[in-house]
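What follows is calculated from the coordinates using simple rules that are stated; it is not laboratory data. Given the structure is predicted, the values throughout are model-derived calculations rather than measurements. Quick reminder, even Gly has a Cβ in these numbers, built from the backbone with ideal geometry, and neighbours come from all protein chains shown.
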Amino acid sequence: MIKCIYIELYKLFHQKNIYVYFSIIALISLLSVYVMNMERNVDGTIFPLTLHAGLSPMIMPIIVIIFINQLFSDDFKYGTIKNLLTRPIQRFHLFLAKYFTLFIFILVLYFFTLIVSYLMSGIFIGFHQILDLDRGWVLFFDHLTGTAYIYFLSIFPLFSFAALMSIPAIIIKSSGMMITIGIMLVFSIPVITSVLPEISPWFINTYFNVPEVLTGVSFQHENETIISWTIVALYAVFSFMVSYWIFLRKDIEA
């Protein structure tokens, strides 16, 4: 099991594409902070949450879709999974290693975004408005902690979405088709839920906006936070079970 995780993490951090993803995040952060800097009386502490709200609904899911394609589809397409399974490695351990790698990737992606957002806002906007107040540093670190908490919570709905997208990634041989299907889902579901808002709680995309949903202010229900997290967890568990069942029975081509 540990060996499988090592192999998958090695592949993750030795792919050039991962640095392309980070470059895209950094470029979007730079452009966003430049636009925000044009506004007057803006403190840099609000930029990380503004960036989060801009990236989470569309950009992050699309990056994850492309990564999942490499994680699952490419192994079957190019036969690299056959090389792994010729060793004394169980399919279940390999599957768990891939899911673990997927979670680490999303964790690193959000952590990188958080760090870059504070660096950009500190350099181009500054935190003078909050730091000039009494107990400014205390307020700054309280804000930093709250922002980091929101970024951390964002990992879980995106991971559930990634688990769901692993199903077509295992089934579909064509990388282009799998990515197209994923992107169509990312763009079409918000349109559907805007027309039929009553069904939005049942779509995982709804939970990408953590401050409004998973911290408990979007549904008119007593236990809205518990219900929200239950739906996120059900997506993850269901997708894990289905994708593993398919992965276990997937034919390996030479």
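Roughly how many Å is it from the Cα centre of segment 8-63 to that of segment 166-180, as a whole number?
The distance from the Cα centre of segment 8-63 to that of segment 166-180 comes to 26 Å.
Based on other C-beta atoms within 10 Å, arrange His143, His128, His52, His93 from fewest to most.
His128, His93, His143, His52
Sort the following peptides by mean Cβ neighbour count (other Cβ atoms within 10 Å, averaged over residues), highest first: 173-186, 100-113, 5-18.
So the order, starting with the most tightly packed, is 100-113, 173-186, 5-18.
Please give the contour-minus-distance gain from Val42 to Trp137: 0.36 nm per residue of separation, less the Cα-Cα distance, rounded to one decimal in nm.
32.5 nm
Given the -39500 (n - 2.57) contribution per DSSP H run of 4+ residues, what per-residue ellipticity at 222 nm results for the chain, rounded to the nearest 500 deg cm²/dmol?
-24000 deg cm²/dmol
Using the Karplus curve 6.51 cos²θ - 1.76 cosθ + 1.60 with θ = phi - 60°, what ³J(HN,Hα) values do you get for each residue of segment 165-174, in whole Hz, with x for Gly and Pro?
6, 5, 5, x, 5, 7, 6, 8, 7, 6
Going by how many other beta carbons lie within 10 Å of each one, how would you line up Ser228, Ser188, fewest first?
Ranking Ser228, Ser188 by Cβ neighbours within 10 Å, fewest first, gives Ser188, Ser228.
To make sure I understand, if each residue's beta carbon is the centre and we count other beta carbons within 10 Å, what order do Thr193, Thr206 fall in, fewest to most? Write down the numbers at each step before the final one.
Values: Thr193 17, Thr206 24.
Sorted ascending by nearby Cβ count, the order is Thr193, Thr206.
Between Tyr10 and Leu31, what is the label-point separation in nm under the 7 Å Cα-to-beta-carbon projection?
3.7
Which whole-angstrom value gives the distance between the alpha carbon centres of segment 233-250 and segment 98-160?
31
How big is D for segment 2-249, in µm² s⁻¹ as a whole number, if Stokes-Einstein is applied with the Kirkwood radius of its Cα pairs at 20 °C and 1.002 mPa s?
Estimated diffusion coefficient is 110 µm²/s.
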